[in-house]
Amino acid sequence: MRNLLRLCPLLLALALLFGAEPAFAGKRVALVLANSAYQHAPSLTNPVNDGSVMAKTLKDAGFDIVDSRHDLSALETRRVLRDFADATRDADIAVVYYAGHGIEVEGSNYLIPVDAKLERDTDVYDEALSLDRVLVAVEPAKQLRLVILDACRDNPFGKTMKRSVASRGIGRGLAQVEPSSPNTLIAYSAKAGFTAQDGDGANSPFTVALSKHLTTPGLDVRRAFGFVRDDVLKSTGNKQEPFVYGSLGGADVPLVPVKVAAAASPVANPQADIRRDYELALQVGNRAAWDAFLAQQPDGFYSSLAKLQLEKIGAEQAHAAAIEKAKQAEAARDRLAAVGAQKDAQIKAAADAKAAEQAQLAAQKAKERAQQQAAAAEQQRVNLAAAAPSAAPASTASPAGTNVASLTPATTPADLSRSVQTELGRVGCFSGQADGNWNTSSQRSLSQFNRYAGTKLDVKVASTDALDTVKSKPSRVCPLVCEHGFKADGDKCTRIVCGDGYALNDDNECEKKRAAKPTASRPATSRRDDSEDRPARQRPQIGAAGGLGGLGGDAAGIATGARRASGGGQVFCTNGGCRPVNRGCHLEYRGGGGPGNDANAEVCN
């Protein structure tokens, strides 16, 4: 009895060790069928290649039995399925993979052997194998029954076979199925009613994705098919979507279990308790929690991280206080201006408001810097824990007073500015280049965002608050502004084209062209000589009596000669009188004027 009691701890350890083994690690069997060389239809290129890849994938995954066959007749296929059913009787997991042609008739699915002729629709019952026959072969498996059909290709038999009954339906692709047996999954390479691609390479897109994800150790088979679906959609440009029918329970069901290493004797970790205390303080997240942690752990790696968290809380509180003080200073300035206070008081209030605004900006930058440093340090702690969860970060432990702020921030100010510029561009408020330079153009863009989004973000700096706010907008915020001659068309500016007889006006609208008014003909007049026009502007006006104030008739004659006659010609005046300028002649101004000195002279060519 005493010896039995001594063996109890050992037995318990062994029970825990083997009990920790993942589920579904028992016997696993697989059958791979691939048909390419069809005798009465064009051959398929890839199924045999696909079968080889899947057989190798399952063998490498450690399956106990992997039976791979290709280009089988109907009789040979039935025999293989019968033998495989015997192998599944003591298996936990049974998998059948088929690549080749398949067909749906009257809602039932059939796999087509290479010797099938299918001249009429009823031949499927004799020459093809129903999907139900395959499900019977895997039914004895205890924990998982999986049938994979890469058989949704465009089927040539459906186009040529005769209909014995006109109403009998022959579908495109395979029909949807609902397995009646529990723990059964049926995976199609394409959704029911759709066809799959054979692929341009050596394998079909579906098989390529299967070989990549299906046998990942520890990966639940449903998640594996989810990754397969994503890969196939991506590689086919969303033209082919694999689909899985059937259901499993809540536990993970991997095709390949995770290998469990032998249990090692636990190694005491002196910092495990410190880490747990730190994570608890991180969850609480207030100053009191960090003060309590630092009282217990005044130095070391985690104490340095805790001090950064305290600095972040202090910076956030200082920023909130600075915002409140700036609001109060601005309100005081506006109140004094409204009541018409003395100029000195208003100047002082304005200076206080300006100083409060500057203090708010400084507090904003300090808060962002503290947040970045704390986030970077916390990320490094998480990375260290993921790399060696049971090891103490002794190599990164900091001596007392050492600040972990020397770690590279997760986001630099330039990166933050670039991110805000990029997001502003996405919502239509920024059209420049996202270069990380927070200049006047960037500030104007954020101001536009505030206007149309109804926000009050600080435009002087690119902040994390601004980034989060702009990111929250799913679509355009600022309206699209186009140059004259263009109009907004969605997110683009398109040229405005007016119809015949219409023209674009200043309001960017097409309006009907106005007819041009006829130009009235005017009688041609002689052009005055510049030499004649200039002195006429310089001379005083002629008095009412025809003379120039204080000057004699000579001056009057000069003035009269300088004027153009009403008939349109030039008139030459001297002391003896006035006459028209002779044909071919013109007047030249000679200066002066007065008795005995004519201002103008008649010059003839």
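State which entries of LYS367/LYS460; LYS27/LYS212; LYS59/LYS234; LYS367/LYS473; LYS354/LYS460; LYS492/LYS513 exceed 19 angstrom in Cα-Cα distance in the structure shown.
LYS27/LYS212; LYS59/LYS234; LYS367/LYS473; LYS492/LYS513
Using only Cα atoms, what Kirkwood radius does segment 440-485 have, in angstroms?
Value: 11.4 Å, from the Cα pair sum.
How large is the dipole of segment 65-108 about the Cα centre if only Lys and Arg carry +1 and Asp and Glu carry -1, each at its Cβ, rounded to the nearest 20 debye?
In debye, rounded to 20, segment 65-108 gives about 120.
Using the Karplus equation 6.51 cos²θ - 1.76 cosθ + 1.60 (θ = phi - 60°), what ³J(HN,Hα) coupling, rounded to whole Hz, does each residue of segment 472-486 give in order, writing x for Gly and Pro?
Each residue's phi maps through the Karplus curve to give 6, 8, x, 9, 4, 10, 7, x, 7, 10, 10, 5, 4, x, 10 Hz.
Simple spin-label model, 7 Å along Cα-to-Cβ: ASP83 to THR574 in nm?
Taking the two extended label points, one gets 14.3 nm.
When ligands, DNA and RNA are left out and all protein chains stay put, how many square angstrom of accessible area per residue does segment 79-126 have with a 1.4 Å probe?
Value returned for segment 79-126: 36 Å² of accessible area per residue.
Give the distance, in whole Å, between the Cα centre of segment 190-255 and the Cα centre of segment 312-374.
59 Å
Taking the Cα centre of segment 21-155 as origin, sum charge times position over the Cβ atoms of Lys and Arg (+1) and Asp and Glu (-1), and report the length of that vector in debye to the nearest 20.
On the way: 15 positive and 23 negative charges, 80 e Å.
About 380 debye.
With each label point set 7 Å from Cα along the Cα-Cβ vector, what nm distance links ARG335 and ASP506?
Spacing of the two 7 Å Cα→Cβ label points: 4.8 nm.
What size of dipole, in debye to the nearest 20, comes out for segment 95-157 about its Cα centre when the only charges are +1 on Lys and Arg C-beta atoms and -1 on Asp and Glu C-beta atoms? Show your work: numbers first, answer last.
Numbers: 6 positive and 12 negative charges, 80 e Å.
So the magnitude is around 380 debye.
Quick one: what do you get for segment 439-518 if you divide its Cα Rg by 2.2 N^0.38 Å?
1.67
Amide H neighbours of ASN600 under 5 Å, at least 5 residues apart or on other chains, H built in the peptide plane: list them.
Result for ASN600 returns ARG590.
Segment 220-371: percent of C-alpha pairs farther apart than 26 Å?
Values: 7517 of 11476 pairs.
Everything past 26 Å amounts to 66 percent.
Note down the nm distance, to one decimal, between modelled labels 7 Å out along Cα→Cβ at HIS484 and at LYS513.
Using points 7 Å along Cα→Cβ, the separation is 1.9 nm.
The values are calculated or read from the model by the stated rules, or taken from the named source; none is laboratory data. Small disclaimer: the values here were computed from a predicted structure and weren't measured. Heads up, the Cβs are rebuilt from the backbone with ideal geometry, glycines too, and the neighbour counts pull from every protein chain shown. Keep in mind that these areas ignore ligands, DNA and RNA; they rest on the heavy atoms of the full protein, side chains included. Shrake-Rupley method; radii C 1.70, N 1.55, O 1.52, S 1.80 Å.
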